[in-house]
Amino acid sequence: MIKDSKLFAVVLLCSCSSLAYEIVLIRIFSISLWYHFAFMIISIAMLGIGASGTLLSLYPKLKNLSNIGIYSLLLGSCISVSYICSNQIPFDPVKLSWSRMQILYIGIYYMVLSIPFFFAGLVVAAVFSSASKKAGLFYGADLVGAGIGSIGVLSLMFITAPDKVVFIISVIALSAAFIAGEKKLKFFSLSLIILIIFLLISHPSFINLKMSPYKGLQVALKYPGAEHLKTYFSPFARVDTLKSPAVRFAPGLSLRYLDAIPEQIGFSIDGGELNAITSSGDQKSLEFLRHLPSALPYEVANSHSRGFSEEKGNVLILDPRGGLQCLIAEYYGFPNTYKIEGNPLLINIIRSDFNEFSGGIYSQNTWTGFGRGWLKYNKRNFDIIDIPLMGATPSASFGVSEDYKLTVEAFKEYLYHLKPNGILSVNLFILPPPRMELRVVNTVITAMEELGIKDTRKNIAAIRSWGSICILIKKSSFSLDEIGAIKKFSERLRFDLIYYPGIKEEETNVYIRMPSNEYFTAFKNILNSGRKQFIDSYIFDVKPVRDENPFFHYYLKLKNIKAIYKIMGEKWQFFIEEGYILPLVFVQVLFLSLVLIFLPVFAKKHEDIHSESPHIPLSKRGGGRRFLPYFALLGTGFMFVEISLVQKMIFPLENPSYAVATVLTSILISSGIGSMLSYKIAIFRGRFIPLIISLLIVGYSMFIPYISAIISPYSISVKIFLLFFVLMPLGLFMGIPFPTGLKILGERDESLIPWAWAINGCLSVLAPILTIMIALSIGFKFVLWLGALAYVFAFVSLRGAIKA
């Protein structure tokens, strides 16, 4: 018989390794495929955990605690093996448009990557089944271990690359096998640990992370003469620097510019987004800057008769990446340029390795984080706030990724910090048919109306080149001098006017002609009084977005799927890029989850399960099944709350990785403490706890914006510390209902515990996908309320099951 202390350590280490593996897989998916596939990992993890409960329901003998060491050994082994195998699966989302096999590969991904979580689930479920009276103690170990894993893996990714971190995580799980096992098992686990250490040191090619050949970095390196320079890692991003003919970062450059552009060093973020650092050594070669559409706000600003003094020439550039817009501001003589870059790794790379090459663009007046968060607690006002293009090439692969930079609340912040005659500039790639630019304009109009600006038609102007659009926004009306400067700039460089106050149609679509003048027509309609009718009838969803559902790049209208399919060249890849992989994955996961949940019902072996517990009266055995909906509701509610809180914390913490680490660590560790308290103190096992959780969730949904506002001025370390403790009361109570239910179920029918574990896990598989699908339409606050409702129903379900 294994001692409780050993079981506690084994559960803690296995949970730690499985959660760490889950987080490192999110980073791996972001690099190897695309960021918006990362949400699948949470579902994959919970699917494996749910499957473990189903297996134990069908084969009760596997619950024997003597198997714990073997399960831990298999967990440690499969973490490495599943990563290596998944690295060989030829899944690529780009191929979805012509290869139906890719759908099958998604299913194979699920199965291969869920295996380690399956064994982690076996460890925990076996312990729960054999020691249900101590469920609070061991569920606490499970949650605390997961919390340690979530923060520990980020620390590891500061030191080394994600593919190496996978093998370090394997060692942690194998340590659990060493603790739990007898001599033979100790020998095997130690041998595997030595083998993994050898692989880490020798680092053979088969463990290297494979990247989609269609990602920007891979494409750029295929050009003749291309050279990969260096790879940099952090928990937030992978940055690769390179030289390649594909790196020519001058978005929308006028066709009238015929000279060479300066030398550029390319870089990619997570292998996808290509950008460049431009050499600033030769002032003459920087003449090309005046031929970019993104130079328009500086031309207009310089057209003011009053000019700019040192005090007046303030420019703020949000996410300047390689610093092209910084060079433009300096070229036009603006003395005070402030830079807010969201990727701290990129700042460090340019400062350390390319400072002289770039002209020291980040040597002063540079901060990291969200620009709007920095603005909120800064008293400066600006002549220009510049939002540059994000990459060297256009991409529609955003779909379900959040963007807090382009919401109504964000634009209100930008407008508030403009000087009376200041200009907000937004630069976008042309990506027909129009949708991104229309949502920008619509969101800006909504922000201006909420600030009391009525006739917004006088406050917006836009031009386009062959490849990009520059939109200018002011709090005040554009003057005749400014309009004249816009027209002169466009005519000189052969850019086309889209809109300015008083524009006529014959002034548009002149130089770079399109078959239909759709940009002018769309801007005119969206800026007129019939805006609502235009938005409702437009083929894409271009409604304004808010912080509640910050999915700026999601434009699909379900009712227009057929029409959109035709417009986009009858290619299904577009729908995958735009986020419709969500329902595709949901259908697959729903089918697998239903199989896992109902398999014990139809299996003949389940008919004999009750023979395990002959001492339990037949009346109580049948009643045990009435508890199962309770565990389904807990799984749904817990994940609704957890995923929504992660999303809500992205803005105050200014980085998705920080948000994931902070929320998971706080919720899981505090839930673990709550679970252990319920084991020791009777009052914490009260059946009313789900109601308290429900009230707390509603309270948090209301006060999170105020909490965010209070902590925003502090440094990132202070914000993480404060939020950790702010979320702890909720987490403390959320850790209680599950072990309480297990204890009661164990008293009724201990044989049903694995099934309850399977149901809880399978509903936790569906909840993350549902969270995003619901939030796309109605926001994360509503998802939190649904989580609160799930806990109310859990309370009702528990009461009904106990009375039955």
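Points worth noting:
- The listed residues 374, 785, once ranked by accessible area (1.4 Å probe) with the largest placed first, stand as 785, 374.
- Residue 214 accessible area, assembled protein chains, probe 1.4 Å, Å²: 100 Å²
- Trypsin sites (Lys or Arg not before Pro) restricted to region 191-232 and DSSP loop, no more than 12 other C-beta within 10 Å: 222
- The calculated FRET efficiency for the pair residue 537 and residue 802, based on their C-beta separation and a Förster distance of 56 Å, comes to about 0.55.
- 20 °C / 1.002 mPa s Stokes-Einstein diffusion coefficient of region 312-384, Kirkwood radius on C-alpha pairs, µm²/s: 173 µm²/s
- Kirkwood-type radius of the chain, with distances r between different C-alpha atoms, in Å: 28.2 Å
- Nearest-10 value in Å² for the accessible area of residue 458, using the 1.4 Å probe: 100 Å²
- Dipole orientation for the chain: of the candidates 296, 771, 352, 771 has the Cα lying most toward the positive pole (charges on Cβ; Lys, Arg +1; Asp, Glu -1).
- Where N is the number of residues in region 190-262, Cα Rg divided by 2.2 N^0.38 Å: 1.68
- Under 5 Å between amide hydrogens, built in the peptide plane, is the criterion, and for residue 338 it picks out 315, 316, 317 among residues at least 5 positions away or on other chains.
- Taking 203, 291 and ordering them by how much accessible surface each has at a 1.4 Å probe, largest first, produces 203, 291.
- On Cα atoms only, tilt of 68-86 relative to the major axis of the chain in degrees: 30 degrees
- Between 0 and 90°, nearest 10: helix 183-202 axis offset from the chain longest Cα axis: 10 degrees
- Under the simplified labelling scheme, the residue 379-residue 487 pair shows an inter-label distance of 4.2 nm, with each label point 7 Å from Cα along Cα→Cβ.
- Inter-label distance, nm, simple model (7 Å from Cα along the C-beta direction), residue 695/residue 92: 5.7 nm
- Between residue 716 and residue 3, the modelled label-to-label distance comes to 4.2 nm, taking each label 7 Å out from Cα in the direction of the beta carbon.
- Accessible heavy-atom area order of 783, 718, highest first, probe of 1.4 Å: 718, 783
- Computed in the context of the full set of protein chains, the accessible area of the chain at 1.4 Å probe radius has 62% of its extent on carbon or sulfur.
- Acute angle (nearest 10 degrees) that the helix 628-653 long axis makes with the longest principal axis of the chain, alpha-carbon atoms: 30 degrees
- Helix content alone sets the calculated 222 nm mean residue ellipticity of the chain: runs of n ≥ 4 DSSP H residues at -39500 (n - 2.57) each, divided across all residues, give -18500 deg cm²/dmol.
- Dipole magnitude of the chain, debye to nearest 20 (Cβ charges: Lys/Arg +1, Asp/Glu -1, about Cα centre): 1840 debye
- Heavy-atom surface of region 401-464, accessible at 1.4 Å and reported per residue (Å²): 27 Å²
- In the context of the full set of protein chains, region 47-159 has a per residue accessible area of 33 Å² (1.4 Å probe).
- Along the chain, longest interval not containing exposed GluC sites (Glu not before Pro), exposed being DSSP loop plus at most 14 other Cβ atoms within 10 Å: 312-569
- Accessible surface, per residue, of region 473-573 when the full set of protein chains is kept, probe 1.4 Å, Å²: 52 Å²
The values are calculated or read from the model by the stated rules, or taken from the named source; none is laboratory data. Because the structure is a prediction, the values reported are computed rather than measured. Reconstructed Cβ throughout: ideal geometry from the backbone, glycine too, with neighbour counts over all protein chains shown. These area figures cover heavy atoms from the full protein model, side chains too; ligands, DNA and RNA do not enter into them. Shrake-Rupley method; radii C 1.70, N 1.55, O 1.52, S 1.80 Å.
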